[in-house]
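The values are calculated or read from the model by the stated rules, or taken from the named source; none is laboratory data. Quantities reported herein were computed from a predicted structural model and do not represent experimental measurements. Methodologically, a virtual Cβ is constructed for each residue, glycine included, from the backbone with ideal geometry; neighbour enumeration extends over all protein chains shown.
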């Protein structure tokens, strides 16, 4: 009877994985060294030098959670997977001959080669001068290349933060460091620390009702939380404290309205643009003297933040889409067409997803209606950020709108309510 094969032990699995990792490292090292030089100089490096290089290598990007910080398991798992995938997909040229590798290979293999080159001046083995000369082009631009790689990595870390940050819950940011630590093992380590921060909560009484709020800030890679503060002088307040910055808070109601009305973009993108709109605040007033701050989505107006000054702080009460009745554009749209709140809701022109279609921009009659009301920014948004939109309308909004207001043959206003 044939004997059953024994299953490999955990130790054997670990030994096999270690051997595979080692072989992959040398394969990539050969690819990078020969790619930089344009010829096979890898074969000129003695085996003992290569073995020592493996022991002292620069390790690939590694995501960790610092002591004292709490990050949900699923977010940490996603962070590891997505960072690895992005770093392997992003390409960077590292030599004058245009030779490219991934950003992941740059931080592991290319930095290992850089440290290897620095030791070649004291090494004594045959062909060391030839190997050194073959790597000269890479080393000459190494500082510029290092800065470019760090800029690319910063962009990746900041972009991933947008995907997981939520101003109503928790903000996350990353910090990348290259360290040598016995605790992490031999060699040099690329440590990407994932930080978390629960935003400050408070309750303010507005109009006789308690309103839960969160302080407005955003997570910035390498730096942490950037808070928003605005000076009273921005609102034409003249007092001894006019230049003293005030904290800014946002009601949960305002964040809900923001998500409902700009309904085709992710939470992180909406909150990031809320932060930037307040950092460079453009102030307006409605007919009742209420303070409005323009909300811009990637520098294009999409609505307004209505706010109150309460107990020495600023509280964002709600978000108004451009076509809403409480905005200058919304009032002009009502004046020109007779469309009231319920009409706008029926036509779905009180939310951004309706405008994420070329149907409106392509219909000259409808386009003119919105341009005359000052809502051309919504057409600009389609042209600028349609690629980021998560939904589009399923019917022709232009036809429906023209039929509804009885203007398919004429642009003269017809009142809906008599």
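Select from region 121-143 the residues that are part of a loop (DSSP other than H, G, I, E, B) and either touching a strand residue (DSSP E or B) at 6+ places or on another chain (Cβ under 6 Å) or under 18 Å from residue 49 (Cα atoms) (or both) and list them in ascending order.
In the first step, residues of region 121-143 are kept if they are part of a loop (DSSP other than H, G, I, E, B); the result is 121-127, 135, 141.
Residues satisfying the conditions are 121, 122, 123, 124, 125, 126, 127, 135.
Condition (residue is within 25 Å of residue 178 (Cα to Cα), touching a residue at least 40 places away in the same chain (Cβ under 8 Å) and touching a helix residue (DSSP H, G or I) at 6+ places or on another chain (Cβ under 8 Å)) applied to region 8-27: is it met by at least one residue?
Looking for residues that are within 25 Å of residue 178 (Cα to Cα), touching a residue at least 40 places away in the same chain (Cβ under 8 Å) and touching a helix residue (DSSP H, G or I) at 6+ places or on another chain (Cβ under 8 Å), one finds at least one in region 8-27, hence yes.
Here is a list: 153, 111. Which entry is closer than 16 Å to residue 53 by Cβ and either modelled with pLDDT of 95 or more or outside the structural domain of residue 26 (by TED's automatic domain parsing) (or both)?
Numbers: 153 fails: closer than 16 Å to residue 53 by Cβ.
Of 153, 111, the one residue that is closer than 16 Å to residue 53 by Cβ and either modelled with pLDDT of 95 or more or outside the structural domain of residue 26 (by TED's automatic domain parsing) (or both) is 111.
Does region 99-120 include one or more residues that are in contact with a strand residue (DSSP E or B) (Cβ under 6 Å, 6 or more places away or on another chain), farther than 20 Å from residue 31 by Cα and part of a helix (DSSP H, G or I)?
no
Among residues belonging to region 83-99 that are touching a helix residue (DSSP H, G or I) at 6+ places or on another chain (Cβ under 6 Å) and in contact (Cβ under 8 Å) with a residue 40 or more places away in the chain, point out the one that is nearest to residue 164 (Cα to Cα). Walk me through it before giving the result.
The first filter runs over region 83-99 and keeps only residues touching a helix residue (DSSP H, G or I) at 6+ places or on another chain (Cβ under 6 Å), leaving 86-88, 90, 92, 94-96, 99.
Still in the list and also in contact (Cβ under 8 Å) with a residue 40 or more places away in the chain: 86-87, 90, 92, 94-96, 99.
Details: 86: 16, 87: 18, 90: 21, 92: 26, 94: 32, 95: 35, 96: 38, 99: 34 Å.
Per the criteria, the residue is 86.
Residues in region 333-350: is at least one touching a strand residue (DSSP E or B) at 6+ places or on another chain (Cβ under 9 Å) and within 29 Å of residue 229 (Cα to Cα)?
So far as region 333-350 goes, no, none of its residues is touching a strand residue (DSSP E or B) at 6+ places or on another chain (Cβ under 9 Å) and within 29 Å of residue 229 (Cα to Cα).
Can you tell me which condition residue 265 does not meet? The list is (1) modelled with pLDDT of 95 or more; (2) buried (at least 18 other Cβ atoms within 10 Å of the Cβ), and all the others hold.
Condition (1) is where residue 265 drops out.
For residue 414, indicate whether it is closer than 16 Å to residue 336 by Cα and modelled with pLDDT under 80. Steps first, answer last, please.
Details: closer than 16 Å to residue 336 by Cα: yes; modelled with pLDDT under 80: yes.
Yes; evaluated as a whole, the condition is true for this residue.
So residue 78 passes all but one of these: (1) surrounded by fewer than 19 Cβ atoms within 10 Å (Cβ to Cβ); (2) within 21 Å of the chain's Cα centre (by Cα); (3) under 19 Å from residue 143 (Cβ atoms). Which condition number does it fail?
Every condition holds for residue 78 apart from (3).
Which ones in region 176-192 are touching a strand residue (DSSP E or B) at 6+ places or on another chain (Cβ under 7 Å) and more than 22 Å from residue 105 (Cβ to Cβ)? Before the answer, list the steps.
As a first pass, look at region 176-192 and keep what is touching a strand residue (DSSP E or B) at 6+ places or on another chain (Cβ under 7 Å): 176-181, 187-192.
Matches in region 176-192: 181 only.
Determine which member of the set 169, 175 is within 18 Å of the chain's Cα centre (by Cα) and loosely packed, with under 15 Cβ neighbours inside 10 Å. Let's see the steps before the verdict.
On the way: 175 fails: loosely packed, with under 15 Cβ neighbours inside 10 Å.
Matching residue, one of 169, 175: 169.
Kindly indicate whether residue 352 is within 21 Å of the chain's Cα centre (by Cα), under 18 Å from residue 258 (Cβ atoms) and at pLDDT below 75.
On the way: within 21 Å of the chain's Cα centre (by Cα): yes; under 18 Å from residue 258 (Cβ atoms): yes; at pLDDT below 75: no.
No.
For residue 79, are the conditions met, namely being part of a helix (DSSP H, G or I), modelled with pLDDT under 95 and assigned by TED's automatic domain parsing to the domain that holds residue 190?
Details: part of a helix (DSSP H, G or I): yes; modelled with pLDDT under 95: yes; assigned by TED's automatic domain parsing to the domain that holds residue 190: yes.
When the stated conditions are applied, residue 79 passes them.
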